[in-house]
Amino acid sequence: MKNRAIYPGSFDPVTYGHLDLIRRAAALFDCLVIAVGRNSEKRPLFTAEERADMIRSEVSDLPNVEIEIFHGLAVDFARARGLSVILRGLRTVSDFESEYAMALTNRSFAPEIESVFVMPGERWSFTSSRLIKEIVSVGGSVDAFVPPHVSAMLRTRLKPENRP
């Protein structure tokens, strides 16, 4: 179970900030599982399969990184797969507050699984998937924040005639 981590999230869409964290974590862990959440409570722009494919195409050069789709609690997913660490990104102080509460809750369910927090590079510290979608929805360019194929998918999905 040692040195195997999960990085769970919605990744709707994946950003360069997410990818920065993935690359940092791939250097720290023998195995890193990117767990794309399928959450019926949220209304993602992209399906879980599309989000997993977005990530897969960007990390194919990292042999110790796997991408899986999951539903339910990340801590249960980690335990079922023998992963000893839940990796989370921290961009701001408000991220810390919510992530700290989540880490303590996870510890109560699975004390054998540690939470590890990693900060993205400064360039990505204020990048969020929500903000990316807002920018695209009003016609702005997000090419500096997401890979080209993700930007193209966003523009297509957020055309007025394609919106849900």
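The values are calculated or read from the model by the stated rules, or taken from the named source; none is laboratory data. The shown structure was predicted, so the numbers you read here are calculated from the model rather than taken from an experiment. Using ideal geometry, Cβ is built from the backbone for each residue, glycine included, and neighbour counts are taken over all protein chains shown.
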Residue list for the range 70-88, filter: out of contact with any strand residue (DSSP E or B) (no Cβ under 6 Å at 6 or more places or on another chain), crowded, with 16+ Cβ neighbours inside 10 Å and in contact (Cβ under 8 Å) with a residue 40 or more places away in the chain = R81
Do we have G139 as surrounded by fewer than 16 Cβ atoms within 10 Å (Cβ to Cβ) and either at pLDDT 90 or above or among the small types (G, A, S) (or both) here?
-> yes
Quick one: count up the residues across the range 1-15 that are touching a Gly at 6+ places or on another chain (Cβ under 9 Å) and either aromatic (F, W, Y) or over 16 Å from R130 (Cα atoms) (or both).
-> 5
Would the range 22-38 turn up any residue that is in a loop (DSSP other than H, G, I, E, B), modelled with pLDDT under 95 and under 26 Å from K133 (Cβ atoms)?
-> yes
In the range 35-45, is there at least one residue being under 17 Å from M119 (Cβ atoms), surrounded by 15 or more Cβ atoms within 10 Å (Cβ to Cβ) and hydrophobic (A, V, I, L, M, F, W, C)?
-> no
Quick one: A101 ticks every box in (1) touching a Leu at 6+ places or on another chain (Cβ under 7 Å); (2) more than 18 Å from D12 (Cβ to Cβ) except a single one, so which number is it?
-> (1)
Which one of these is exposed (fewer than 14 other Cβ atoms within 10 Å of the Cβ) and under 24 Å from E122 (Cα atoms): S108, S60, S98, S10?
-> S98
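Got a sec? Which helices (runs of 4 or more DSSP H) wholly within the range 61-164 have at least 3 residues that are closer than 15 Å to Y16 by Cβ? Working first, answer last.
Working: elements: 74-80, 93-109, 129-137, 148-157.
The helices (runs of 4 or more DSSP H) meeting that bar are 129-137, 148-157.
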Please determine, by comparing only the residues of the range 13-34 that are in contact with a strand residue (DSSP E or B) (Cβ under 7 Å, 6 or more places away or on another chain) and surrounded by fewer than 19 Cβ atoms within 10 Å (Cβ to Cβ), which one is farthest from R157 (Cα to Cα).
-> D30
Please give the number of the condition N39 fails out of (1) within 27 Å of S151 (Cβ to Cβ); (2) within 13 Å of the chain's Cα centre (by Cα); (3) in contact (Cβ under 8 Å) with a residue 12 or more places away in the chain.
-> (2)
